Every structure is written in structure tokens, then in C-alpha cells.
Amino acid sequence: MERNTSLVTALLLLALGSLATAQVVWCPDLFTLIGNTACLHVNPQTKTWDDGRAYCQGLNDGSFATDLAVIEDCEVMNSLWNFIVHKLNKRMNYWIGATDKDSEGTWQWLTGTHVQGDVPFWFPEQPDGSNMENCLTIAENGYFADGACNQEYGVICQAPVMTTFRNLE
Ligand SMILES: [Ca+2]
């Protein structure tokens with residue numbers, strides 16, 4: 001009997017222990033959690049791609065890095081476009097963080113990874129600008145397109161997702 005009681009007590013404590021903390025995911029100031037996995041900042045004020053990048057890189061206090069957004073996830077892409085159209089009501093062209101400046105036709109994110117091709121990211125027939133269009137936008141139709149880097153578009157910036165373990169007791 002005593003043995004059973006201590007076993008039950010141990011199991012109960014174990015259950016309480018796992019319930020007592022929760023992982024809290026959040027974003028730094030100025031950034032919104034999109035699709036539960038990305039911290040993004042959408043600014044409809046228009047800038048060239050380079051100026052947009054500099055703007056994004058300035059959106060932090062030095063304890064983490066920020067840059068133009070890297071959108072590799074379909075869920076994030078959908079949630080982002082819903083946020084832009086339905087919440088901000090600012091459907092327009094936005095710069096994001098990829099170019100084919102280094103090698104025409106080879107699109108790379110600022111992180112160095114290859115930009116995924118085709119549906120559901122790129123609009124059909126895009127990219128189509130060859131050497132004239134070397135920067136990546138999410139266009140006003142909600143899909144990727146290439147754009148001339150000195151055009152002035154809105155910008156979408158990204159910060160790392162922050163995680164905290166919060167005690168629930
Ligand atoms: Ca190009």
C-alpha cells in the first residue's frame with residue numbers, strides 16, 4: 001500500500017512537472033508572429049531593395065540580427081499575405097531577401113540557400129526580367145516575381161523568433 005502511494009505520488013509530480021512550464025514563442029518589438037514560426041515586419045513605405053535592406057538591418061537593438069525576410073515556408077507565405085491584405089489592407093509590391101545579382105537566373109536567399117522554384121511561390125512565367133530584374137518581390141498578386149532593384153517598393157523584414165520557458169505555477 002505504501003509502495004503504491006509513493007508510486008502514484010511520483011507519477012503525479014512528474015505530470016505536474018511537465019505541466020508547470022510552457023514554451024512561449026514571441027517576437028521582438030515592431031515584429032509580428034506570422035504562421036506561428038516567423039517574426040516579420042511589413043512596411044509599405046517604398047524604398048529601393050538596398051535601402052530596404054539597410055532599413056531592415058537597423059530594426060534591432062544589437063542583441064539579434066534583422067534583415068529582409070526569407071520566406072521558404074508555404075504556411076508563412078499564406079499567413080503573411082492574409083496579414084497584408086486583410087489586416088494591413090496594403091496590397092502592393094514588397095521587397096524580400098533574395099537576389100540573382102551574383103549569377104543571372106540563380107536565385108539565392110540572403111542566408112545563402114537556394115530560392116525554391118515554381119508553385120506556390122512564383123507567379124507563372126516569373127522570373128522574366130533577366131539582367132534587368134535581380135531582386136525578389138512578393139508582388140501585389142501575392143506571388144514571387146523578379147523586380148528591378150532600384151524600383152521603390154514596400155519592404156518585409158525578419159527577426160529571429162524568441163523562445164521563453166514560462167513557469168505556470
Ligand atoms: Ca535576374
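Each value in this text was obtained by applying a stated rule to the coordinates, not by laboratory testing. The shown structure was predicted, so the numbers you read here are calculated from the model rather than taken from an experiment. Heads up, the Cβs are rebuilt from the backbone with ideal geometry, glycines too, and the neighbour counts pull from every protein chain shown.
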If amide H atoms are modeled at 1.01 Å from N in the peptide plane, then the residues at a separation of 5 or more from W122, or on another chain, having amide H under 5 Å from its own are F144
In nanometres, the difference between 0.36 nm per residue of separation and the alpha-carbon distance of M132 and T163 is 7.1 nm
Largest fluctuation, P28, P124, P44 only, Gaussian network model of the chain with Cα springs under 10 angstrom, belongs to P124
With x for Gly and Pro, the residue-by-residue ³J(HN,Hα) of the stretch 127-134, computed from phi through the Karplus equation 6.51 cos²θ - 1.76 cosθ + 1.60 at θ = phi - 60° and given in whole Hz, is x, 9, x, 6, 5, 7, 10, 10
TM-like helix rule applied to the chain (DSSP H, alpha carbon span at least 20 Å on the long axis, mean Kyte-Doolittle at least 0.0) gives 2-19
Binned at 10 Å from zero, the C-alpha pair distances of the stretch 24-167 give percents of 12, 44, 34, 8, 1, 0
Spelling it out for C149: with amide H atoms placed in the peptide plane at 1.01 Å from N, the residues 5 or more places away or on another chain with amide H under 5 Å from its amide H are N134, C135
Over the chain, cysteine residues that find no other Cys C-beta under 4.7 Å are C74
If every Lys and Arg gets +1 and every Asp and Glu gets -1 at its Cβ, then about the Cα centre the stretch 24-167 yields a dipole, in debye to the nearest 20, of 640 debye
Scoring the chain by relative contact order with C-alpha pairs under 8 Å, at least six apart, yields a percentage of 36 percent
Per DSSP, the loop-located GluC sites (Glu not before Pro) within the stretch 39-112 having at most 14 other beta carbons within 10 Å are E104
Stretched fully, the stretch from L88 through T21 gains (0.36 nm per residue minus C-alpha distance, one decimal, in nm) 20.7 nm
